[in-house]
């Protein structure tokens, strides 16, 4: 069977992903029964998009700083968010973070860890951006072409430490 170059199968990525049964997914309130475990695994993006963790965290830190500059967050709230996001990133890099399929994607996994660490202040990070904005930013930062010509000074410093390394492109 032919395979796509650079494609990483779910089996290759799922060794650190926890298929748990957290009931409160973003859309769970629309259904009267819990999501079937097979459907949850089949529709999960965590095995693929968890590789965006660095980019998601750096984008979130930049977003928190913007919220503080505009007065939506206090300086203390911004510092708490940035410090917690750095700790989450370090935990991911040390392999201490269990990824949850029930939390649907990299964004919700990181947000859940953030609110565990700092409470409701972490939820303020959602202000002023949609999940689509977050996904678009993460992919732009992840994709090598996006790293060569940043759109503005705000993204110039968001290059990962391994920016020169060739990475797989999201399938």
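Looking for whichever is under 20 Å from residue 139 (Cβ atoms) and free of Cβ contacts under 8 Å to residues at least 40 places away in the same chain here; the options are 93, 58, 111, 104. Which one fits? Can you show your working first?
Working: 93 fails: under 20 Å from residue 139 (Cβ atoms); 58 fails: free of Cβ contacts under 8 Å to residues at least 40 places away in the same chain; 104 fails: free of Cβ contacts under 8 Å to residues at least 40 places away in the same chain.
Within the list 93, 58, 111, 104, the selection yields 111.
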Residues that are under 14 Å from the mean Cα position of the chain (by Cα) and outside any helix (DSSP H, G or I), drawn from the stretch 53-92: none
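Read the figures in this text as sums done on the coordinates, not as results from a lab. Keep in mind that what you see is a predicted model, and the values were worked out from it rather than measured. Neighbour counts are summed over all protein chains in view; Cβ atoms, including those assigned to glycine, are modelled from backbone coordinates with ideal geometry.
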